[in-house]
Structures are given as structure tokens and as C-alpha cells.
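Below: one structure, written as C-alpha cells.
The values are calculated or read from the model by the stated rules, or taken from the named source; none is laboratory data. All figures in this text were calculated on a predicted structure; none of them were measured in a lab. All Cβ positions, even for glycine, are placed from backbone atoms using ideal geometry, and neighbour counts span all protein chains on display.
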Amino acid sequence: MHVPDGFLGVPTSVATGALAAVALGLALRGSRRELGELGAVRAGLTACFIFAAQMVNFPVAAGTSGHLLGGALAVALVGPWTAVLVMSCVLVVQALVFADGGVTALGTNILLMGVVGVGVATLVSYGVTAILGRRGRAAGRPVGRGGVIAASAAGAFVSVPTAAAAFCLLYAIGGAVPIPLGALTLAMVGTHLLIGVGEAVITAAVVGAVLAVRPDLVRLAGREGTPVTAMTLADGTVVLRSAVGGAASGVGASSGDGASGDGADADVRRRAERPRLGRGAAVIALAATVVVAGGLSLFASTSPDGLEHVAGALGFAGSAVSPLVHTPLADYGIAGLGAVGTTLAGLFGVALTLGLGLLVVSGVRRGRPRGAGAVDDQPRPAEERR
Amino acid sequence: MTTAVVLPTSPPVLLAGHTPGIARPWERPSLVRSLPPETKLVALVGFALVVVAAPAAAWPVLLLAVAGLVAVAVIARVPYGWALRRAGVELPFLVFALLMPIVATGERVQVGPLSLSAAGLVGGALVLARATLGVGAALVLAASTPPHEIIEGLGRLRLPRALVDVLTHMIRFLDIVADDLRRQGIAQAARGDHRSRMVRLAATAASAGHLFVRCVERGERLQLAMLSRGYRGALPPSGRPAATAGEWGRALALPVVVGAVLLAVLVAGSVGPLGAGGPR
């Protein structure tokens with residue numbers, strides 16, 4: 001779904017670029033909390049991983065194949081803000097080093113795959129985890145491995161067609177050629193529903209594999225690994241600590257490492273019990289999802305003939321040229337489709353705004369200092385106190 | 001690293017998308033190669049903007065842009081085979097552009113047995129031309145600039161420091177991580193990767209999960225190593241001097257010339273009223 005140069009006009013490209021820059025700025029701030037100190041290394045390697053994971057292709061329909069977008073996977077593994085940052089980095093490198101995705105469309109691509117894809121995946125994944133967590137608490141156990149996998153898969157499935165729908169919305173605003181919005185949306189969302197299934201399967205499998213080996217590395221499970229941190233002791237020596245195998249390592253004097261290791265375990269346990277988003281936020285998130293999903297399905301079911309049209313036109317149905325010759329394609333811009341398209345666009349805009357709002361809220365919450373009673377002996381380097 | 005990934009079974013599941021190749025076209029010295037990266041980045045964005053801004057009625061400007069880009073590619077000594085392979089990323093949207101005459105609305109034209117939209121024909125050709133020019137210009141940059149210099153150029157263009165650091169680490173490890181994935185693919189194939197497609201997909205996804213764990217652990221080792229060597233959150237800036245006016249002039253020659261011609265054509269009004277219902 002890497003949009004090249006020339007699909008959208010200059011004003012739209014500049015506007016999406018500005019929006020993407022704002023989102024990226026927020027993500028840089030937010031990811032500092034998710035990654036901890038010196039997070040550039042971890043974010044860079046996660047970006048490498050997402051880049052590599054995008055090489056995993058899977059068959060979609062006859063002859064076509066999709067590849068992983070990775071937004072939902074990044075949300076599950078490293079958290080929403082870092083996911084936006086990482087996806088943006090992947091897109092920047094793809095555009096500038098691999099000529100994949102236009103330079104003028106870089107903002108558009110970041111907005112679609114980095115912000116909308118990641119935002120929707122965050123809402124759905126965290127919403128599902130919060131609901132499951134609530135049920136689990138009633139039954140006396142936290143969200144299990146299956147719950148986390150299901151939540152990440154749900155996020156992956158919804159995020160792909162939503163990003164496709166967002167592309168259609170942008171195309172309706174600044175597209176270069178007049179294509180009926182209804183037909184375009186059907187074709188894009190239809191194909192991307194299938195890609196979404198593949199995305200969900202792969203995301204679930206990858207999250208499951210990581211959970212089996214290093215559950216502390218799956219942020220969606222609420223047990224994020226303690227990032228490498230450095231602490232300057234009173235006598236001037238620097239103590240380093242990493243999460244590798246829960247062990248601590250030091251340079252120079254290393255007294256107190258054992259204590260900080262125990263503290264990390266307590267930290268991990270405490271975070272596992274802490275819900276990631278508030279209950280109210282989760283309900284709103286799920287409601288927004290239902291609205292988006294409901295809008296999409298309504299759209300698809302009211303015009304099955306339109307879907308067949310597009311399937312024929314795009315050649316998925318295996319019918320090559322012959323139906324095209326006789327079909328009155330000029331009748332394509334059905335008034336009803338346009339109206340539904342507009343409704344969809346409206347619903348989508350609302351959900352998107354809500355999503356961004358929730359993202360900001362959750363970011364602010366996470367940044368809020370914890371209660372005085374909480375055990376938090378995570379060492380912090382002096383630089384942070386600037 | 002080889003470009004072609006040898007997997008004993010088919011169809012390949014891994015590495016069908018991006019493959020960072022062994023080809024290092026930027027090792028060929030050229031006039032474009034020696035320009036500072038920030039000037040080339042600005043030139044690329046300027047060129048792409050001019051191309052996207054050119055309306056269909058100003059098609060001669062696009063021809064001029066093609067001629068200019070080919071000239072620059074020759075000066076930059078871009079390897080043609082490499083460029084053609086890399087240009088393959090454009091293919092999915094090529095299909096989209098080819099479909100435009102069929103699905104677009106408006107006046108119809110009879111071409112052979114097909115009834116096509118006139119606006120779609122013009123628009124499809126225009127989109128194709130713009131996208132190809134954009135890919136071509138990006139390939140000239142990629143062919144004449146090592147990836148780490150591109151990132152350095154972004155830093156000189158005042159991209160936030162934190163972002164540049166992330167990109168630097170990403171570029172630094174991209175080959176290693178992609179190679180890890182490739183080796184996992186070979187190992188998977190060597191261990192009897194001949195079962196059903198779903199089983200293979202599951203195994204691939206599991207490999208990807210392990211790849212993530214490896215990435216994080218590599219990052220942790222790297223952080224510890226960097227910390228113990230005095231890194232405290234920022235990479236040192238490179239000592240290269242800022243670009244001179246002459247270098248900026250050489251880099252920006254193509255976009256400025258094409259942009260000026262486009263502006264002249266538009267101002268002269270020889271292309272008629274713009275954006276009046278036609279493709280923008």
C-alpha cells in the first residue's frame with residue numbers, strides 16, 4: 001500500500017505531510033516513555049525487524065499476494081507510540097533508500113500506515129485486552145496468552161482495511177483522476193479485508209512465538225521488558241542494567257544490582273496487573289470500532305452488485321475482458337453509493353479523531369507519575385533530570 | 001548478501017519483497033556521488049513536487065523532466081539493470097493506473113472493443129508518468145548516496161535528533177537483520193519445508209518471532225556496549241563541512257530549471273484554464 005508520487009495532488013500531499021510531522025513529533029515524545037533511556041538503539045532494531053517482517057508475503061486471492069504491514073505487530077510488541085515511530089522510520093527508509101513509496105507521498109504513507117493503521121490497531125488490541133482483562137479479573141486470573149494473541153490478531157485484522165479506507169478518503173479529497181469513491185472504496189477495502197486476514201494470522205503467530213520465548217517483550221501483555229538503563233552512583237561509577245535473562249550487569253562497582261533485579265521482577269508483576277487503558281476508554285474504543293466495522297459491512301452488503309462489478313473489473317473473479325465489453329460502466333457512479341460513501345467517510349473521520357484523542361489520553365496517563373506507595377527503584381541516569 | 005534468495009522449495013514465502021542487495025552502486029565515483037547528501041535530498045523533493053504539480057495540459061514540461069532525469073542518471077552512472085529491478089516496487093500501482101481508464105467516470109472514448117473514460121486515460125497516463133519520474137529520481141539518489149549518508153543528510157536538514165538516531169541505528173543493522181531472516185529461511189527450508197502452505201506460513205511466522213527476540217537482544221547488547229564506551233543518548237555529529245553554494249547550485253539545477261519552465265508555461269497561460277474539471 002505504498003502510495004507513489006502523483007496519486008494525490010500537491011495540496012493534499014503537503015497537508016498529509018504536515019499531519020504526519022505532528023504525529024511523528026508526538027510519537028517521539030511518547031516513545032521516550034515506552035522505550036526508556038537510550039531508546040534509539042531499540043527503536044532502530046525494531047524498525048529493522050518490521051522492515052524484515054514486511055518481506056513475509058502471503059497469498060491473498062488468485063494470483064495476488066499481500067505482505068505484512070506490521071503496524072499491529074509493532075503495537076503489540078513495543079507499544080503504540082514506538083509503533084508510530086518505528087513504522088515512520090521504515091517508510092522513510094523505504095522511500096529514500098528503496099524508492100518504495102513516493103517522496104511527496106511520504107506524509108500520506110506515514111499517515112495511512114503509521115498513524116491510522118497503528119492507531120486503529122491500538123484501539124482494537126488494547127480494547128480487547130482491557131475487556132478480557134476485566135472478565136479475567138472477575139474469574140480471578142489475568143489476561144492469558146490466548147487473550148493477548150487474540151487481541152493482537154483483532155487489531156491487525158481491523159487496521160488493514162481501515163488504512164485502505166483512509167486512502168480512499170484521501171483520494172476523494174485530493175485524487176488526481178475522478179474515480180467514483182464507492183467503487184474505489186469497495187475495491188480497496190475488499191482486497192484489504194483479505195490482506196487483513198493474512199495480517200491477523202501472521203501477527204498472531206509472531207506474537208505467540210515471542211510470548212513463548214520472551215513474554216516480557218510483548219508490551220500488549222503488560223509485561224514490557226525493562227530497558228537498559230544506566231545509573232551513576234555516588235562514587236562516580238556507572239551501573240548498567242539490562243533485561244537480558246533478568247540478570248543485571250555492571251561496570252565498576254556493582255553493589256546493589258541484586259536489589260535492582262528483584263525490583264525489576266516486582267515491577268514486572270505490578271505492571272502485569274495494571275490495566276493498560278481505563279475501562280471507560282476501552283468501552284469508547286470498542287464502540288468506535290463497532291461503528292467503523294458496522295459502517296463497512298453495511299456498505300458492503302447494500303451493494304453486492306457493485307462488489308461484483310469491481311471484482312470483474314479488477315479481474316479477481318477470473319473473468320478477464322469479456323464482461324468489461326458489455327457492462328455499462330458509465331453507470332458506475334450510482335447516487336446511492338456516493339451517499340453511503342459519504343456516510344462511511346463521516347463515520348471514519350469520527351472514529352479516527354476519537355482514536356487520536358484516546359492515543360493522546362493514554363500517552364498522558366502513562367506519563368503521569370505513579371503513586372508514592374509504588375515500589376519503583378528503576379535506576380535512572382543523571383541526564384534524565386535535566 | 002546476495003539479491004536472489006536460494007530457497008530449495010517453491011513457491012517462496014520469504015523475501016519476496018524488499019531485498020537489500022549486494023550491489024553498491026554508490027561505490028562508482030561520479031559528480032552526483034560527490035555532492036553533499038542534504039543537497040540531493042532537497043533536489044529530490046523539489047523535483048518530485050514540480051512533477052506532481054505539473055497538470056496534464058503541461059505535458060511538455062514532463063517530457064523535459066524525463067530528459068533531465070535521464071541526463072542526471074547518466075552523469076550519476078546509475079547501473080541500468082539495478083535501477084530496473086528496483087523500479088519493480090512501482091508495479092502494484094502500475095496496475096492501478098492501468099485500471100483508471102476503465103473505472104474512471106466522465107466522457108467515454110471507444111478504443112477497440114473497450115469503452116474507456118477520457119479523463120481516466122489522461123489521468124492514468126499522468127499518474128504513471130509522475131510515479132515513474134518519482135521512482136526514477138529516488139533511484140538516482142539511492143544509486144549515488146550510501147544509506148547512512150542519506151540519513152546524515154536528513155540530520156543536516158534539521159530532522160529531530162532523536163529520529164535521526166533511530167534511523168541511523170536502523171540503517172546500521174538492516175543488512176544484518178535481513179541476513180538473519182534469510183538464514184532462518186534457509187534453515188527452515190533445509191529442515192523439510194515441504195508441507196502444506198499453512199504449516200510453512202506458521203513456521204515462517206515463528207521464525208519472525210524469533211527474529212524479533214534476536215533484534216531486541218542484539219539491541220540490549222549494543223546498548224550495554226555503547227553505554228560502557230561513553231554513549232549517553234546522542235551520536236556525535238559527523239565532521240563534514242556544510243554544503244557550499246556551488247554544491248547547492250549543481251544539485252538543485254534540474255528541479256529549478258524544470259520548475260521555472262513549468263511556472264513560465266503556467267503563467268504564460270498557454271495551457272488554458274487550469275483545474276477546470278480536468279485532471280489536476
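Worth a mention:
- Test: residue in the stretch B:99-122 that is within 7 Å of another protein chain (Cβ to nearest Cβ) and under 20 Å from the mean Cα position of the chain (by Cα): no
- Among residues of the stretch A:107-124, those that are in contact with a His (Cβ under 9 Å, 6 or more places away or on another chain) and within 14 Å of A:I50 (Cα to Cα), counted: 1
- Here A:S13 meets the list (1) at the interface with chain B (Cβ under 10 Å from one of its Cβ atoms); (2) under 30 Å from B:A206 (Cα atoms); (3) modelled with pLDDT of 90 or more almost entirely, failing just condition (2).
- Counting only residues that are more than 8 Å from chain A (Cβ to nearest Cβ), part of a helix (DSSP H, G or I) and closer than 22 Å to B:P255 by Cβ, the stretch B:137-150 holds 4 of them.
- No other residue among A:G114, A:G182, A:G119, A:G127 is buried (at least 24 other Cβ atoms within 10 Å of the Cβ), over 20 Å from the mean Cα position of the chain (by Cα), assigned to a helix (DSSP H, G or I) and in the same structural domain as A:T16 (by TED's automatic domain parsing) apart from A:G182.
- The residues on offer are A:T122, A:T129, and the sole one that is among the β-branched types (V, I, T) and within 17 Å of A:M87 (Cβ to Cβ) is A:T122.
- Screening the stretch B:50-88 for residues that are surrounded by fewer than 18 Cβ atoms within 10 Å (Cβ to Cβ) and at the interface with chain A (Cβ under 10 Å from one of its Cβ atoms) and picking the one that is modelled with the highest pLDDT gives B:A87.
- Residue pairs whose Cβ atoms lie under 8 Å apart, sitting 6 or more positions apart in sequence or on different chains, and linking a residue in the stretch A:31-58 that is in a loop (DSSP other than H, G, I, E, B) to a partner that is modelled with pLDDT of 85 or more and of a type in the set (V, I, T), are A:Q54/A:V90; A:V56/A:I202.
- Within the stretch B:54-113, being under 30 Å from B:P29 (Cα atoms) and part of a loop (DSSP other than H, G, I, E, B) holds for B:A76, B:R77, B:V78, B:P79.
- Residue in the stretch B:256-266 that is away from chain A (no Cβ under 14 Å), surrounded by 11 or more Cβ atoms within 10 Å (Cβ to Cβ) and either of a type in the set (G, A, S) or not in a helix (DSSP H, G or I) (or both) present: yes
- All positions within the stretch B:227-250 that are part of a helix (DSSP H, G or I), more than 7 Å from chain A (Cβ to nearest Cβ) and not basic (K, R): B:A245, B:G246, B:E247, B:W248, B:G249
- The lone exception for B:F47 - which of (1) farther than 18 Å from A:V10 by Cα; (2) at pLDDT 95 or above it fails: (1)
- Matching entry among B:R197, B:R214 (being modelled with pLDDT of 80 or more, surrounded by fewer than 20 Cβ atoms within 10 Å (Cβ to Cβ) and among the charged types (D, E, K, R)): B:R214
- Positions within the stretch A:142-174 being crowded, with 22+ Cβ neighbours inside 10 Å and not hydrophobic (A, V, I, L, M, F, W, C), in sequence order: A:S152, A:G155, A:S159, A:P161, A:T162
- Exclusive hit being out of contact with any Gly (no Cβ under 8 Å at 6 or more places or on another chain) and either surrounded by 22 or more Cβ atoms within 10 Å (Cβ to Cβ) or in contact (Cβ under 8 Å) with a residue 12 or more places away in the chain (or both), set B:L159, B:L167, B:L174: B:L174
- Filtering A:L112, A:L96 for residues that are within 14 Å of another protein chain (Cβ to nearest Cβ), touching a residue at least 40 places away in the same chain (Cβ under 8 Å) and not β-branched (V, I, T) leaves a single hit, A:L112.
- Taking (1) facing another protein chain (nearest Cβ under 7 Å); (2) in contact (Cβ under 8 Å) with a residue 12 or more places away in the chain in turn, B:D180 satisfies each apart from (1).
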